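Just below is one structure, and these are the notes that go with it.
Derivation of every value follows stated rules applied to the coordinates shown; laboratory data play no part. Every value quoted in this text rests on a predicted model; they were computed, and no experiment measured them. With ideal geometry, Cβ positions are generated from the backbone for all residues, glycine too; neighbour counts draw on all protein chains shown.
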Amino acid sequence: MYDVLLDAVDTAEREGISLGELALRTEAATGIRTREEVEAGLRRALHVMQHAVERGLVGDLHSVSGLVGGDAHRLAHARGPLANTIFTDALAAALAVQEVNAAMGVIVAAPTAGGAGVLPGTLLGIAKRHPVTEEALVRALATAGLIGAVVAVRASLSGAEGGCQAETGAAAGMAAGAGVELLGGTPRQAMHAVALTMQGTLGLVCDPLGGLVEVPCVYRNATGAAMALAGIEMALAGVEFPIPVDEVIDTMGQIGREMDVRYRETAGGGLAATPTGRRLAKERLVQLKPKKGAGG
Amino acid sequence: MVSLLDIIGPVMVGPSSSHTAGACRIGLIARALVGGTPDHALVELHGSFARTGVGHGTDRAIAGGLLGYHPDDERLRESLEAATAAGLTIEFKNTTLRGDHHPNTTRITVRCGERQAVLVGSSIGAGRIVITAIDGFPVEISGVYTTLVAVAKDVPGIVASLAGALAEDEVNLATMRVSRRQKGGDAIHIYELDHAPSDAALAQIRALPVIKTVRVVERVA
C-alpha cells in the first residue's frame with residue numbers, strides 16, 4: 001500500500017479513479033490476495049459493522065465492568081436540535097459499536113478495537129440518510145484502509161505507542177477520507193478531509209479508567225465521528241488545510257513518540273488518574289477479581 | 001506490506017485487539033501443540049495481561065482458544081463455563097516472567113493425555129502475536145502461516161531431510177528457523193509454510209529415525 005498519501009491522491013487523479021478503487025487495484029497487484037478476496041473481506045467487515053450498530057442500538061448491553069451501556073439507544077432517541085440528522089445518527093452508531101465491543105460482542109477492529117466505532121458510525125450514519133450502494137460502502141472501506149495503512153507506516157495505530165490520537169484520531173481521519181468519497185467528493189477533497197480531521201485530534205491522550213476499553217473510549221468514538229463529519233463538511237465545501245496531510249500524520253507520530261507513558265494506555269494519567277477515575281476503577285476491578293480457582 | 005484487511009480487521013469479539021483477539025490466538029496455538037482440547041492448562045499472565053486481563057476478557061479469550069474458538073467466535077464470552085463442561089481444567093495465575101518480555105505475555109502449560117507442551121506467547125498489538133518459546137526452545141512464530149514444529153536430535157542433515165520431504169510434497173517454505181538448547185542435544189525446527197503438508201508427507205517426516213515429535217499448527221490469523 002502507499003506510504004505517502006499525496007502520492008496516492010496524485011495517482012488516483014491521473015487515472016481518474018477514487019482512492020478506494022486505487023486501494024483495491026494496489027492490493028490486488030501485490031498478488032497476495034485477489035481483488036475478489038479483498039472485496040469479500042471488506043464486505044464481510046461491512047456486514048459485521050452493520051450488525052454491531054443494530055445490536056448496540058437496542059440498548060440492553062452492559063460492559064464487562066458495568067460502567068457503560070445504553071447510551072447509543074439514548075442518543076438514537078434524542079429530541080435535541082440535532083436529532084434526525086446524519087450527525088446524531090453517526091454519533092449513535094459509533095456509540096453502538098463501542099458498547100457492543102465493551103460487552104464482548106463481535107466488531108471489526110478499524111483500525112483497532114478501541115477505535116472501532118468511528119468508521120462504521122460515520123459511514124453508516126451517512127448511509128442512513130443518503131442513498132448509497134453496498135458496493136460504494138465497500139469501496140469507502142478500501143479508502144479508509146488505504147489511509148490507515150499510510151498512518152500505520154508514518155505514525156502509529158496503537159494507543160500504547162501514540163495515545164488516543166493514534167486510535168480514534170486515526171480512525172476519524174480514515175472515516176473522513178472515506179466519507180468524502182462516499183458522498184462523491186474527489187481524492188483531493190478526501191485528502192484534505194483527513195488533514196482537517198486529524199489536526200483536530202492531535203495530542204489526544206489514551207487514558208482509560210482501569211486500563212479497560214470503556215471510559216472514555218466509548219464516548220471518544222462518538223466525538224471521533226463528530227470530528228470526521230466536521231472534516232468531511234469542510235473538505236466538501238472546498239476548504240483546504242494549509243499543512244500537507246502527510247506532514248499532519250507525521251506530526252501525530254512525533255507527538256505520540258514524545259507523549260509521556262502515563263498518557264499511553266497505562267491508566268497512569270488523564271481521566272484515569274482523576275479521583276473519580278481511580279475510585280471507579282478500584283471498585284469495578286475489585287468486583288471483577290476472579291473467583292478462587294478461576295484466576296489470581 | 002500492510003494489507004487493507006489488516007487495517008479494516010480483524011473481525012473479533014471485543015473489547016481489545018491485543019488483550020482479547022491476540023490472547024485467543026495464543027490459546028489456539030497452545031491447543032494445536034497438544035493436538036486437541038487439553039485436559040489441564042496452567043495459564044500464567046504477565047505484565048498488562050495480569051493487570052487488566054480479566055476486564056478485557058483475556059482469561060476467557062485464552063480459554064476459548066484452548067477450546068478451538070477463533071477471535072470472532074461469540075462463544076468466547078462463555079468459554080470458562082464451556083471449558084468446565086468439556087473437562088478442561090484451567091488454572092490462572094498472575095506472574096512476572098524472568099527475562100525481557102512484551103507487556104502482554106502469557107506462559108501456557110497444557111496437557112492432553114500423554115502429550116504436554118509449554119509455550120510463551122506475546123500479543124504485540126492489533127491482534128498480532130508472536131510465540132517466543134516452545135518447551136524451553138526459543139522460537140519465533142507469528143501464527144500467520146501454517147507452522148511445522150519438529151523436535152529432532154541435533155545431528156547433521158536434518159534440515160535437508162525435512163525440507164526435502166516438504167519439497168516433494170510441493171509445500172513452499174515462507175520462513176525457517178532451527179534452534180537448540182545445547183549442542184548435541186535436541187533441536188527444534190520451525191517451518192512457516194504457505195499451506196499444510198499432506199498426511200503422507202507428515203508420515204514420511206515422522207518416520208525419519210532422528211525425529212522425536214512433529215506437530216502442525218494451523219494458521220490462526
(Q) Which three numbers, in whole Å and largest first, are the semi-axes of the equivalent ellipsoid of chain B derived from its Cα gyration tensor as √(5λ)? (A) 29, 19, 17
Q | Least to most buried among A:His192, A:His130 (fewest other Cβ within 10 Å first) | A | A:His130, A:His192
Q) By per-residue mean of other Cβ atoms within 10 Å, what is the highest-first order of A:61-73, A:169-181? A) A:169-181, A:61-73
(Q) For chain B, what does the helix formula give at 222 nm: sum of -39500 (n - 2.57) over DSSP H segments with n ≥ 4, over the residue count, nearest 500 deg cm²/dmol? (A) -7000 deg cm²/dmol
(Q) Just to compare against my own numbers: the Cα pair-distance distribution for the protein assembly as shown, 10 Å bins, whole % per bin, please. (A) 4, 19, 28, 24, 16, 7, 1, 0
Q. Once Lys and Arg get +1 and Asp and Glu get -1 on their Cβ, which of A:Ala230, A:Ala140, A:Gln98 lies farthest toward the positive end of the dipole of the protein assembly as shown?
A. A:Gln98
Q.
Let me check the size of the stretch B:110-221 from its C-alpha atoms; what are the radius of gyration and Dmax in Å?
A. 13.8, 42
Q. In the protein assembly as shown, with Lys and Arg counted as +1 and Asp and Glu as -1 at Cβ, which of these residues, B:His70, A:Ala155, B:Leu173, has the Cα nearest the positive end of the dipole, that is, farthest along it?
A. B:His70
Q. Over what distance in Å are the Cα centres of the stretch A:51-98 and the stretch B:120-143 separated?
A. 37
Q. What is the magnitude of the charge dipole of the stretch B:123-209 about its Cα centre, with +1 placed on the Cβ of each Lys and Arg, -1 on the Cβ of each Asp and Glu, and no other charges, expressed in debye to the nearest 20?
A. 420
Q) Roughly how big is the protein assembly as shown's charge dipole about its Cα centre, with Cβ charges of +1 (Lys, Arg) and -1 (Asp, Glu), in debye to the nearest 20? A) 1820
Q: Just check the stretch B:173-219 against the gyration tensor rule for me: Cα atoms, a ≥ b ≥ c as the square roots of the eigenvalues, rounded for a/c under 1.5, and otherwise prolate or oblate depending on whether a/b exceeds b/c.
A: oblate
Q | Relative compactness, the stretch B:60-167, computed as alpha-carbon Rg over 2.2 N^0.38 Å | A | 1.25
**Q.** Relative contact order (%) - criterion: Cα under 8 Å, at least six apart; region: chain A
**A.** 20
**Q.** Sorted by Cβ density within 10 Å, fewest first, the residues B:Ser3, A:Ser18
**A.** B:Ser3, A:Ser18
Q. Among the Cys residues of chain A, which have no other cysteine Cβ under 4.7 angstrom away?
A. A:Cys217
Q) Using the eigenvalues of the Cα gyration tensor, what equivalent ellipsoid semi-axes result for the stretch B:1-54 when each is taken as the square root of five times the eigenvalue, whole Å, largest first? A) 24, 17, 9
Q: Could you give log10 I(q)/I(0) at q = 0.16, 0.17, 0.26 Å⁻¹ for the stretch B:114-169, computed by the Debye formula over C-alpha point scatterers of equal weight, without solvent?
A: -0.67, -0.74, -1.11
Q: Whole number please: convex hull volume per residue, Cα atoms of the stretch B:1-126, in Å³.
A: 102
Q) Taking the Cα centre of chain A as origin and charging only Cβ (+1 Lys, Arg; -1 Asp, Glu), how large is the dipole, in debye to the nearest 20? A) 1340
Q: Once you have all Cα-Cα distances for chain A, histogram them in 5 Å bins from zero and send the whole-percent values.
A: 1, 6, 13, 17, 18, 17, 13, 8, 4, 2, 1, 0, 0
Q. In what order do A:Met49, A:Met198 fall by count of nearby beta-carbon atoms within 10 Å, going from fewest to most?
A. A:Met49, A:Met198
Q: Can you find, among A:Ile243, A:Tyr263, A:Gly177, the residue farthest towards the positive end of the dipole of the stretch A:161-296? Put +1 on the C-beta of Lys and Arg, -1 on that of Asp and Glu.
A: A:Tyr263
Q) Mean residue ellipticity at 222 nm from the helices of chain A, using -39,500 (n - 2.57) per DSSP H segment of n ≥ 4 over the full residue count, to the nearest 500 deg cm²/dmol? A) -19500 deg cm²/dmol
